[in-house]
Every structure is written in C-alpha cells, then in structure tokens.
Amino acid sequence: MGNRQILHSIRTVFVVVLLTTAAFASSAKVIYSFSGGPDGQYPDTDLVMDKAGNIYGTAVQGGNHNIGAVWELSPSQGGWTETTLYSFTGGRDGGQPYKGVTLGPDGSIYGTAVVGGKGGACEDGCGVVYRLTNSGGKWKQSVIHNFTGPDGQGPGAGVTFDKKGNLYGMTPTGGPNGFGVIYRLKPRPDGTWKFTIIHAFTGGNDGVTGSAGRMILDKAGNLYGTATVGGKHGDGTVFKLKHTPTGWTLKTLYAFKGEPDGAFPYSGVIFDKAGNLYGVTYYDGEHEVGAVYQLSPQPGGGWKERVLHSFGDGPDGGSSTATLVFDNAGNLYGTTSEGGDAECNCGTIFKLTPGDNGTWTESTEYRFTGNPDAGVAYNGMVKDAAGNLYGVTVHGGNHNAGAVFQFVP
C-alpha cells in the first residue's frame, strides 16, 4: 500500500471515529428493568434522589398485591440494586401510587395513592396521602389522610413541603364542586395532620382538574402549578396560589388557547433564576402534539407566554407530559411520550438550548426504541451531582414492564 493510500485510510478511519463520537455524544442506557412482579410494573413516576445518590419512585401496578409499590434504586459496584420498600394492598393503605414520592425533612417518604383508603363516596376508595418511616431498616406505612370525595378524590400528583413542614397537593376530581382541589396538610404535635382545602376548582376561569405535576413554591411561600383543562378557553391554565393573612387566593397566570400555544398541561412548571416559568403541553401547539412554553413576569403586572418549541410528532417527538429540568449550563431537558423512532414511536429525550436575543434551539438527544431499551416516558428527569440525568418509562426494559434509564448529556 502506497503512502497516499495509507493517508487516505487514516483519514477515513478518523472521519468514521469522529462521526461515531458525534452520534453518541449523548447516550441513554437502561439501569434497571422492572419484572412486573414484586418490584412493580408501569412506573408512571417522577423520580427523586437523596444526597447519597439513591433514587426513589413508585410503580402503579405490580408489587406483592399487583396494585403498586414504592421502590428504591441504590448505586452499587458495577450497577444498581433495587429494593421494594412497600407493596400496597388496595385496602385502607391505598393503591395505584402515581407520580412518585417526596423525601420529607424528617427522613420519611411521602406520597399519594389514587384508590383505597377507608370510607367515602368512592366504590374502590377515594385515595390517600401516605407516609413511609424507616425503623431499623424496615419501612412502615401509615395513612395521614383519607380522601372521602367532598374533600377530593383520586390524588395522582406528588406532594410538596414548605419550610414549616406543611404538605401541599392536588386532586383531579372531587371537592365541593367536583372539579378537584388544592389541599394542605399541617402536622400536629401529636403526630396527626390537619387537612384543609385551600382552593376548590370551580370549573370556570380558575381551571378544572389539578394536574399530575407537582406544585412548586417561591421564596414567599406562594404555590405555582397547572390545571389540565378549563380556564377561559377550556385548554388548561398555569396558576399562582398566594398566601394572604385571610387565606389563599388563586390567580390564573395564563389560560392556554390551543393552537398555536398549546393545550392540556399535564406536568408541572419550573423556575429559572430570573423568575420565568417553563413547562410543556400535551396537545396543540403548531402541530397539535404539544409544545414547550415560557411564562415571563411583566413589569406592569401579568405574565407573557411564548412557545419555545412546537413538537412535530416525528423524529423530535410529541405529546410530552414531563416536568422539565435545567442542566448546569442553563439548557432545558425533557422527554416526550410519543414520536422519535419511527418503528417504535416510543418517545424521545429533547434539549432546548438558549441563544442570542431570547431564542431557543431544540435538538433531539435520544430516541427510545422499546424493549429491551426504555420506551414511553410520561415523566421528566432528575439530575445528580455530576450532571447525569435519570428518568423512567412505563414500558420497555427487558420485560416490557418499564425501565429506569440514565442519560449522560
């Protein structure tokens, strides 16, 4: 082989390596596959991570009684170890725990289950708010509130702590008007909790159906969240619930209009450092499969909405129900439940990069391909100390019962 041929071969290898490196600059891998047995199935859950790097979540099905479980993934040498912390029975302890858990300041784990509990107007129980406490390495479950219908029904959203140790959450139905409620649970000295409805959705401009997204708090203790439908145009709202000396006052920050700004915000919102809010919608946008939006507070009052990206339901994905997450550089990441790989239609991981003059550029970072890969992401991702992101899909994995994945940007 001559020198020219050798040089050509070296260049060819270099180009192939360069292209391969570029293609896999971002990667996702399954770190745990659910079996559909005692460990759970259909993990429609937001993830939370403790300071030691352990990941916590819930599975809607599976567990010892096939009605859901709370689980933990712990990093171990060369992999991850799954532990089922609690299996629901569907009785007074609840069942079908959607959307994950919250780590409490007391070291306990808190969450909601959409069915079960005692009493009430619901045939299978109206759901519960529960606590898991660790005693000697064993977790004990206790119910801190049983829903009965008039106080709310089917709580399918994670709960939020304030600085005083109060818990806040939403229900999609029930309440005085039947359209769901926002509630507070205040701890008492004797270990019980006082339940208060702080807003009952009316079905009017305030929205209908508290979303599955976890609410967030600002520094002043005001709550922010979304209502999936309702509002002025019937397509959902973003709201602020302000704590006043006389109680709580809900203000609609934005009412979605459908096309082209989006409709049906199933997920929660997040803040950036400047006080802007970001979220996604499941429907509409320019192509009717959802959008990523920004809400910016205005100097004279009010909020301005703009669409950062409209999904196309093709390679870039569509129908997102994921609460977004920022990386350390200020880029936004999220997932979609559909689109991506043409054969699987199992969703994507996407990135939005801020540019000059307030512009944002969307890029598809990964396309799920389903079993044995992950598939169908209904939830966002959580970031570890090194900047890696972790998420979960309701299908995919080795047994097609759901999977937890790690994404390295």
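Bear in mind these aren't lab numbers, they're just calculated from the coordinates by the rules spelled out. Every value quoted in this text rests on a predicted model; they were computed, and no experiment measured them. So basically every Cβ, Gly included, is an ideal-geometry build from the backbone, and we count neighbours across all protein chains shown.
See the values below:
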{"read-out": "Integer Hz, Karplus 6.51/-1.76/1.60 couplings in order for the stretch 301-306, x for Gly and Pro", "value": "x, x, 9, 10, 9, 8"}
{"read-out": "Listed residue (95, 139, 263) projecting farthest to the positive dipole end of the stretch 3-408, Cβ model", "value": "139"}
{"read-out": "Where trypsin sites (Lys or Arg not before Pro) fall in DSSP loop in the stretch 247-284, at most 11 other Cβ within 10 Å", "value": "273"}
{"read-out": "Charge dipole (debye, nearest 20) of the chain; +1 at Cβ of Lys and Arg, -1 at Cβ of Asp and Glu", "value": "1320 debye"}
{"read-out": "Neighbourhood charge, 9 Å Cβ-Cβ cut-off, centred on residue 224 and excluding it, Lys, Arg +1 and Asp, Glu -1", "value": "0"}
{"read-out": "Per-residue ³J(HN,Hα) for the stretch 242-258, Karplus 6.51 cos²θ - 1.76 cosθ + 1.60, θ = phi - 60°, Hz, x for Gly and Pro", "value": "9, 8, 10, x, 9, x, 10, 10, 8, 10, 7, 7, 7, 10, 5, 10, x"}
{"read-out": "Calculated from backbone phi, Karplus (6.51, -1.76, 1.60) coupling profile of the stretch 191-201 in Hz, x at Gly/Pro", "value": "x, 7, 10, 8, 9, 9, 7, 9, 7, 10, 4"}
{"read-out": "GluC sites (Glu not before Pro) restricted to the stretch 292-359 and DSSP loop, no more than 16 other C-beta within 10 Å", "value": "343"}
{"read-out": "DSSP-loop trypsin sites (Lys or Arg not before Pro) across the stretch 124-228, with at most 15 other Cβ within 10 angstrom", "value": "163, 164, 219"}
